[in-house]
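The values are calculated or read from the model by the stated rules, or taken from the named source; none is laboratory data. Quantities reported herein were computed from a predicted structural model and do not represent experimental measurements. A quick note on method: Cβ atoms are made from the backbone with ideal geometry, for glycine too, and the neighbour counts reach across all protein chains shown.
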Amino acid sequence: MNSIEQVDLESPTLELVLNLVHKLTGISMGVNKKTLIQGRLRPRIRKLGLESYAKYLDYLNSNKEEIQVFINLVTTNETSFFRTQRVWDYFNKDFLASWWAANPRKSLKIWSGASSSGEEVYTIGICCEEFKLKNPGFTYQILGSDISTEVLVIADRAEYLGRSIEAFKTSNRILFDRYMQPSGDMFKVHYEVKAKIRFEIHNLFTLPKERNHFDIVFLRNVLIYFEPADIEKVLANLSKAIANQGILIIGESESLNSLKTNFKYKQPLVYEKIGDSFEK
Ligand SMILES: C[S@@+](CC[C@H](N)C(=O)[O-])C[C@H]1O[C@@H](n2cnc3c(N)ncnc32)[C@H](O)[C@@H]1O
């Protein structure tokens, strides 16, 4: 009997796997991603004792609970605290002050729509806590969501170690010491920040529960995995949940240029919702 180590992911199984990735997550991958997909799926197939990718597809068909495992394996969850300083400069120096001046009696509602393991959400929370120190009446709530349950478990635990902790510690020692508390060999996000944050599983291709609710949405480094027509679908869904004139922040390698959306360019990485959403 062959072991999965000796088997290559060939056509037409390769295309079936890529189609399934797209159907379940919206992520578009070409056949050039074969090595990546093989590397992600092989350990799972080995663990299940199956001897081919085709057998794994059969297994997925007859074991519905495996679908979430598959989604967790094929998504790329790279993230870090204070990723892309330009975004945090805008959020701290521009957005928070002007939003608070215009809405002194409201609570700021924030959504991170592809929050991965939580570093982005906790960065937002730390910025809000810093703003609150100077503006004691300020309150906020943050929703973090992702399609991968594996990263959401890490996000909800709020305990980190390794590379992302080291980068945060070296780049911003004062905030690190203020908001990250030693917990064994890990560091835990301060409970004041954690208390304002909840995490949920959510696929961006489905309608969010909220309507005209969020004042600012972070959707960074996820659109890059989608085709333009799929980005339009995601943004049509998302815009229903954003308040009018709410802000959308995207990633550095992403752009909404020449897409049919109701988001207007404000400055690099920053868009504003205008009018009603396009139905898709
Ligand atoms: C590269 S991470 C970006 C994390 C964070 N926003 C950042 O910029 O550091 C992309 C995340 O998007 C999530 N994702 C991919 N497709 C998704 C979908 N259809 N719905 C929701 N999340 C999705 C992945 O699970 C992954 O955690």
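From the list 232, 200, 210, which residue is of a type in the set (Asp, Glu) and in a helix (DSSP H, G or I)? None of the others qualify; the one that does is 232.
The residue that is surrounded by the fewest Cβ atoms within 10 Å (Cβ to Cβ), counting only those in the stretch 83-96 that are in contact (Cβ under 8 Å) with a residue 24 or more places away in the chain and of a type outside the set (Val, Ile, Thr), is 86. If only residues of the stretch 213-227 that are among the aliphatic types (A, V, I, L, M) and assigned to a strand (DSSP E or B) are counted, the one that is surrounded by the most Cβ atoms within 10 Å (Cβ to Cβ) is 217. Might you check whether a residue that is modelled with pLDDT of 95 or more, farther than 22 Å from residue 269 by Cβ and not in a helix (DSSP H, G or I) occurs anywhere in the stretch 78-92? No, because not a single residue in the stretch 78-92 is modelled with pLDDT of 95 or more, farther than 22 Å from residue 269 by Cβ and not in a helix (DSSP H, G or I).
Please verify whether residue 147 is more than 10 Å from the ligand (Cβ to nearest atom) and not polar (S, T, N, Q), treating the condition exactly as stated. No; evaluated as a whole, the condition is false for this residue. Residue count for the stretch 212-235 under the criterion of being at pLDDT 95 or above and either more than 12 Å from the ligand (Cβ to nearest atom) or outside the structural domain of residue 158 (by TED's automatic domain parsing) (or both): the result is 9.
Among the residues of the stretch 60-82, those that are touching an Asp or Glu at 6+ places or on another chain (Cβ under 6 Å) and either loosely packed, with under 15 Cβ neighbours inside 10 Å or of a type in the set (Ser, Thr, Tyr) (or both) comprise 79, 80.
Scoring residue 53 on the criteria (1) outside the structural domain of residue 204 (by TED's automatic domain parsing); (2) away from the ligand (no atom under 16 Å from the Cβ); (3) among the hydroxyl-bearing types (Ser, Thr, Tyr); (4) surrounded by fewer than 18 Cβ atoms within 10 Å (Cβ to Cβ) leaves a single failure, condition (4). Of the listed requirements (1) buried (at least 16 other Cβ atoms within 10 Å of the Cβ); (2) modelled with pLDDT under 95, residue 163 misses just one: (1).
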